[in-house]
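Down below is the structure, laid out as structure tokens.
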Amino acid sequence: MADDTILITSEGRVATLTINRPDRLNALNEPTRAAIVSALDRFENDPDVRAVILTGAGQKAFIAGADIGEFEGRTPVAQFRVMNSPETNAFEAADRFPKPIIAAINGFCLGGGCELAMACDFRIASDKAKLGQPEINLGLLPGGGGTQRLPRLVGLGNAYKLLYTGDMVTADEALRLGLVSEVVPAADLMTRVNALAAAIAAKSPVALRYIKEAVRASVRAPLDEGLRLERTLFGLVFASEDKVEGVEAFLQKRKPEFKGA
Ligand code: COA
């Protein structure tokens, strides 16, 4: 399935959403963000999709940020509406997406691109990738969660440095900072991410969903509340058919076949 701005492919239980504006370095304009939101909505409701990969078309960029062309001449009121509309807020859609979502960072990952990658569950980068929040160079600040998610991933000092300077970091530096989980040679990026996504997609969808809910709470709720939620969700998952299958398969020394119920 394809439209102008994104491509969707699937292999087994893994869907890949590719931002498809390579001549603009996959910059996020309003139609692209709307297409991401609606694709994630479809994936959420499709039981055959158990994990999602987000990447960019072409050799050069994951996403080089918001489409700067859209900033010119746009009124503050229009900008406010666009940023707060659930139909176009791809950052919130990725963050709330209840299934595993992995960013495969294949090149420039800047501004809103880095913010969208940070809204995914984790990030695997090609050794050619460059990451950063260059909004300061435009006289702006990040508007897709960069001031909130970046310090949580890399710590306050590293976040301030990236946000104040607008400097890009290499994939290796991003790994050292904790911004990405793994760096792989560019030619191997999709093989590695596909393998990881397929391995995750074979796990219990019920357990994955509630792991995600509990982990999301860890950066939002006080510790005691998060721990209570974890115990509650453990009880809920304990009642799932997938738990019966997982325990039985272990005891029978066979591979489990999880159904998501
Ligand atoms: N919005 C709109 N268009 C963009 C874009 C963006 N964020 N990033 C790149 N493009 C366009 C360029 O204008 C250029 O278009 P053109 O061929 O019509 O001139 C095309 O994509 C290719 O980019 P180019 O700048 O020629 O590539 P480069 O290799 O010289 O530089 C970057 C790559 C990423 C360093 C540079 O494009 C850049 O700084 N982009 C903006 C990054 C940014 O500030 N993002 C945050 C936005 S809030």
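Of all residues in the range 1-32, those satisfying the criterion of being within 12 Å of the ligand (Cβ to nearest atom), within 19 Å of Gly143 (Cβ to Cβ) and part of a helix (DSSP H, G or I) are Arg24, Thr32.
Going by the structure shown, is Ala35 in a strand (DSSP E or B) and of a type in the set (Gly, Ala, Ser)? No.
In the set Glu115, Glu92, only one residue is at pLDDT 95 or above, surrounded by fewer than 20 Cβ atoms within 10 Å (Cβ to Cβ) and either in contact with a Pro (Cβ under 8 Å, 6 or more places away or on another chain) or farther than 23 Å from Leu162 by Cα (or both); that residue is Glu92. Across the range 86-108, not a single residue is classified as part of a helix (DSSP H, G or I) and over 28 Å from Lys203 (Cβ atoms). For the range 59-104, which positions are at positive phi and more than 19 Å from the chain's Cα centre (by Cα)? Hit for the range 59-104 is Gly73, nothing else.
Taking the criterion of being touching an Asp or Glu at 6+ places or on another chain (Cβ under 9 Å) and more than 9 Å from the ligand (Cβ to nearest atom), the residues of the range 119-139 that qualify are Ala119, Cys120, Phe122, Arg123, Ile124, Ala125, Ser126, Asp127, Leu131. Screening Gly69 with (1) within 16 Å of the ligand (Cβ to nearest atom); (2) among the small types (Gly, Ala, Ser); (3) touching a strand residue (DSSP E or B) at 6+ places or on another chain (Cβ under 7 Å) gives one miss only, at (3). In the range 162-178, the qualifying residues are those that are closer than 27 Å to Gln79 by Cβ and more than 10 Å from the ligand (Cβ to nearest atom), and the one that is surrounded by the most Cβ atoms within 10 Å (Cβ to Cβ) is Leu162.
Are there any pairs with C-beta distances below 7 angstrom linking a residue in the range 28-52 that is within 13 Å of Phe97 (Cα to Cα) to a residue that is outside any loop (DSSP other than H, G, I, E, B) and within 16 Å of the ligand (Cβ to nearest atom), with the two at least 6 apart or on different chains, and if so which? Within 7 Å, the pairs are Ile36/Ala90; Val37/Ala90.
The values are calculated or read from the model by the stated rules, or taken from the named source; none is laboratory data. Bear in mind that the values here come from a model prediction, so they are computed numbers and not experimental data. All Cβ positions, glycine included, derive from the backbone under ideal geometry; neighbour counts span all protein chains shown.
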